[in-house]
1. Please report the spacing between the Cα centers of the stretch 285-306 and the stretch 227-280 in Å, no decimals.
2. Considering Cα pairs under 8 angstrom that are at least six residues apart, work out the relative contact order of the stretch 173-306 and quote it in whole percent.
3. Under the Karplus relation 6.51 cos²θ - 1.76 cosθ + 1.60, θ = phi - 60°, what is the ordered set of whole-Hz ³J(HN,Hα) values for the stretch 166-183, x standing for Gly and Pro?
4. Taking a probe of 1.4 angstrom, what is the accessible area of SER107 in Å², to the nearest 10?
5. Can you list residues whose amide H is under 5 Å from LEU183's amide H, if they're 5+ apart or on another chain and H is modeled 1.01 Å from N?
6. Using amide H atoms built in the peptide plane, which far-off residues or other-chain residues are under 5 Å from ARG303 H to H?
7. What does the charge count near ASP179 come to, summing +1 for each Lys or Arg and -1 for each Asp or Glu among other residues with Cβ under 12 Å from its Cβ?
8. Per residue, what volume in Å³ does the Cα convex hull of the stretch 172-257 take up?
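The values are calculated or read from the model by the stated rules, or taken from the named source; none is laboratory data. Everything quoted here is computed from the prediction, not taken from an experiment. Every residue, glycine among them, receives a Cβ derived from its backbone with ideal geometry; neighbour counts consider all protein chains shown. Only protein heavy atoms, including side chains, enter the accessible area calculation; ligands, DNA and RNA are left aside. Shrake-Rupley method; radii C 1.70, N 1.55, O 1.52, S 1.80 Å.
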Amino acid sequence: MEGWHMRGQVSGVVACTLWAALFVAGSSQAGLWKCAQPDGTVLFQDGGGPGCREIEAPSELQSTRFPTQRGPAELKSSAGPAVRTPSPGMTAGSALSSRPFASASRSIPALSYHDLSPGMRAKGWNIPNKGDIQILQVDVSYRSAGNGPSLATDHHFMEGARQALAVAVMAAAKATQYDPRFLTVQLTMPMVGGSFHSGTRVDGPSAGAAWAVAVTSALLGDLLRSDVCFSGTIDENLVIGPVGGLEHKIEGCHLLPQFHELLLPAGQQTFAIADKGMARSIKVTEVSTLAEAYEVATGQPLRPAQ
């Protein structure tokens, strides 16, 4: 996920130029490398090396989507045009629950990192702390008409993030065997403690796992731990996929004192990541599925909705 904070006032021509460069920096996968190993396996890591190539397109991380079927809902946002989401049907032949549930809100930390363009770095510019964190709110409620899912975001969320929310909601519905047509989900970035968010934009799929956990917990009525950060994509098979910038996302997790554990995709923990986590008093935990992430985040097993 990419996003930028502007805390306080930025003055001077140099500062304005620096912030302008940040707003046109690369994609949310910048710095993530796909490395082929001698035994044929593939690892994803933040640095390059023999057999590695840098991932440039989000589709290389999350190329799969639910198959489009007739009667799709729309994901509405003030940030752009509606995004088409798939109709239910991922559990064909299974009985889906549609029982009403109490509306619930979940606060989710979203980690991001930013960097300067290659041209700015070549001129000697640098950002000491590239990691950041935003607190997002996920509101989940029962849609009695059964004509959903109805998904909405505020203006902070760009197309890639809105698509990731659609996948996360469908993954949560599949995991809990709940009919997504009875779901209304809204994702917002509320102002906290007077913080200034007007310059923040959220894009990319790397917060998808966190959003899936949040929606699932609302459906099941389980509370989320307040000391856990997340970073990872989610797909229709409920698998948590790789993301970039994890070393810097540890910095973001460390910015707020209540966070002490970071969940990241299995296979991405390197010595540098574990070492930086230890130095920041952040426990690094690998998870490979939504079920694993859910149990760590709530202390409860992932299960069908009643």
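1. 16 Å
2. Working: 190 pairs, mean separation 35.9, N = 134.
After rounding, I find 27 percent.
3. 4, 5, 4, 5, 5, 5, 5, 5, 5, 5, 9, 6, 10, 6, x, 5, 9, 10
4. Counting only protein heavy atoms, SER107 exposes about 80 Å² to solvent.
5. Excluding prolines and chain starts, which carry no amide H, the hits are ARG143, GLY148, SER150.
6. Counting only residues 5 or more places away or on other chains, the set is empty.
7. Net charge around ASP179: +4.
8. Values: hull volume 11.5 nm³, N = 86.
Roughly 133 Å³ of hull volume per residue.
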